[in-house]
Amino acid sequence: VSAEHLAQVLKHLNLSTFAGLRNAVLFTLAFDTGARLSELLSFKIGDVLVGKRAVLVRGKGGKERWVFFGKFTAQLLQAYLVEYGKRFTIRPDAPLFVRCDGFPIRGKDTVKLIWHRAQKKAGLPILPFHGLRHGFAKAWLMAGGDLFSPQELLGHSDISITRRYVKLLTEDLERLHAQYSPADRLWTLIGNIKFRPKPRM
């Protein structure tokens, strides 16, 4: 999932409704932190520090880690918590993501269906929810981020798992290089060059 893909999804959500705002936070937080869906659904209100733009994740095997999010996500989260407080009691141990009746969203399939429908409404190709996690890793690396930080942020126990994301970038990097090859500009700067012997293309 790219930022452009997610942006189109968000544009088609009704953020004036509790459900629409909740979904926007859920999708954006997944993309901005790389958290797994099971981890997102386990978030408690007390786990989220909006001012510090950080959230405590309880991952596989009960391992805890802090992940971070940007200003855009923080604004969405703040707006969501205001609406949350108008409807339900805000307690540190209360689930962050709840249904419109205040009960927690339990099943991962429910969120996957919501994500599916949101993409369909936006007229987009249907990508899996896990693609938001992949999108985080890809965006991080494409922006010049190091390889080791995502291992910690994504909660990977082994660096070899993180390296898979680098492998996924190969086709993108090949395409980008073909489009932006620095040396290809030499054709226009130098003009025709006669080679001896003539190179094979």
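Using 1/(1 + (r/R0)^6) with R0 = 30 angstrom and r between the beta carbons of Arg87 and Arg65, what's the FRET efficiency to the nearest 0.05?
It comes to 0.50.
Note the direction-averaged projected area, equal to a quarter of the hull surface, for the Cα convex hull of region 57-101, in nm².
It is 4.1 nm².
Can you pick out the pairs among Lys63/Lys108; Lys44/Lys108; Lys52/Lys112; Lys44/Lys120; Lys11/Lys71 whose Cα atoms lie more than 22 Å from each other?
Lys52/Lys112; Lys44/Lys120
Could you work out what % of the accessible surface of region 1-109 is carbon and sulfur, using a 1.4 angstrom probe and leaving DNA, RNA and ligands out of the count?
That share works out to 55 percent.
Just check region 4-93 against the gyration tensor rule for me: Cα atoms, a ≥ b ≥ c as the square roots of the eigenvalues, rounded for a/c under 1.5, and otherwise prolate or oblate depending on whether a/b exceeds b/c.
Note, shape of region 4-93 comes out oblate.
Taking amide hydrogens as modeled 1.01 Å from N in the peptide plane, which residues meet the under 5 Å criterion relative to Lys44, leaving out close sequence neighbours?
Leu96
The values are calculated or read from the model by the stated rules, or taken from the named source; none is laboratory data. All of these numbers come straight from a predicted model, not from anything done at the bench. Note: ideal-geometry Cβ built from the backbone for every residue, glycine included; neighbour counts use all protein chains shown. What goes into the accessible areas is simple: the full protein's heavy atoms, side chains included, and nothing from ligands, DNA or RNA. Shrake-Rupley method; radii C 1.70, N 1.55, O 1.52, S 1.80 Å.
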